[in-house]
Amino acid sequence: MAYAQSFDLKYTLAYRRLDVWTSKYILLACLFRIRPAALESRRLAAMKSSPAIACPCTSGCDYLSCCGRWHVGQPAPDAESLMRSRYSAFVLRLDDYLIATWHNSSRPAALDHTDSPTWLGLSVKQHHLIDTTHAEVEFIARFRVGGGRASRLHERSRFVREDAQWFYVDGEIDPAD
């Protein structure tokens, strides 16, 4: 999957936690299009030797045991996990992952990062499984644009499960927030 390859490079550059050899290895692997599965075991071994990084989804877990595994290609087991991983992907600007997990009925052609916010935190309010293939997740994401005041995005997102994989469909934003 292409998003896993671009993730490796972005993760390395964004966090700068891996040693120089690992950074060069990941860069070369991305440039020469080595399959993510072949790269995965080596990348995880290198990352396990580096200090733990807190997951951006604010779950309290380290990134590798939380959203990181979904970002490298494992399907999220439920809608809440997918929603948390998508929040983390917005924080890390993993556009390929966001597009890949967006349902084709509502997927944009590309993401626009003009006036992109700085994401400050996530709070999941409710996860409701409607049936075996549909779910809703209500959350509040805090963010700041530029040097402005912090704001909140309160959304009830809808998800669908197809071919054993969850996808984000759309969401209703609470106008009161």
Notebook entry, point to check: Can you tell which of A141, A110 is hydrophobic (A, V, I, L, M, F, W, C) and either over 14 Å from R86 (Cβ atoms) or out of contact with any strand residue (DSSP E or B) (no Cβ under 9 Å at 6 or more places or on another chain) (or both)?
Noted result: A110
Checklist line | Matching residues, segment 142-165, being without any contact (Cβ under 8 Å) to a residue 40 or more places away in the chain, in a loop (DSSP other than H, G, I, E, B) and under 23 Å from H71 (Cα atoms) | finding: D163
Notebook entry, point to check: Is one or more of the residues making up segment 106-128 out of contact with any His (no Cβ under 6 Å at 6 or more places or on another chain), buried (at least 16 other Cβ atoms within 10 Å of the Cβ) and of a type in the set (V, I, T)?
Noted result: yes
Notebook entry, point to check: Among Y87, Y168, which is farther than 21 Å from S65 by Cα and at pLDDT 95 or above?
Noted result: Y168
Next item on the list: State the number of residues belonging to segment 84-99 that are over 8 Å from the mean Cα position of the chain (by Cα) and crowded, with 21+ Cβ neighbours inside 10 Å.
Entry: 0
Item checked: Residues satisfying the stated conditions in segment 166-175, i.e. surrounded by 12 or more Cβ atoms within 10 Å (Cβ to Cβ) and either in contact (Cβ under 8 Å) with a residue 60 or more places away in the chain or among the hydrophobic types (A, V, I, L, M, F, W, C) (or both) -> W166, F167, Y168, V169, D170
Note to self: Contact list please: Cβ distance under 6 Å, first residue in segment 50-77 and outside any loop (DSSP other than H, G, I, E, B), second residue among the aromatic types (F, W, Y) and surrounded by 16 or more Cβ atoms within 10 Å (Cβ to Cβ), pairs at least six apart or on different chains.
What the structure shows: H71/F7; H71/Y97
Check: Which condition number does R93 fail, the rest of (1) basic (K, R); (2) out of contact with any helix residue (DSSP H, G or I) (no Cβ under 8 Å at 6 or more places or on another chain); (3) within 24 Å of A54 (Cβ to Cβ) being met?
Finding: (2)
Margin query: Is it the case, given these coordinates, that A135 is closer than 24 Å to D96 by Cβ, at pLDDT 95 or above and small (G, A, S)?
Written below: yes
Check: Which numbered condition trips up W102, out of (1) over 20 Å from C66 (Cβ atoms); (2) in contact with a helix residue (DSSP H, G or I) (Cβ under 8 Å, 6 or more places away or on another chain); (3) surrounded by 15 or more Cβ atoms within 10 Å (Cβ to Cβ)?
Finding: (2)
Notebook entry, point to check: Among (1) within 19 Å of A54 (Cα to Cα); (2) of a type outside the set (K, R); (3) out of contact with any Ser or Thr (no Cβ under 8 Å at 6 or more places or on another chain), which single condition is A109 missing?
Noted result: (1)
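The values are calculated or read from the model by the stated rules, or taken from the named source; none is laboratory data. All figures in this text were calculated on a predicted structure; none of them were measured in a lab. Note that we place each Cβ from the backbone using ideal geometry, even for glycine, and neighbour counts take in every protein chain shown.
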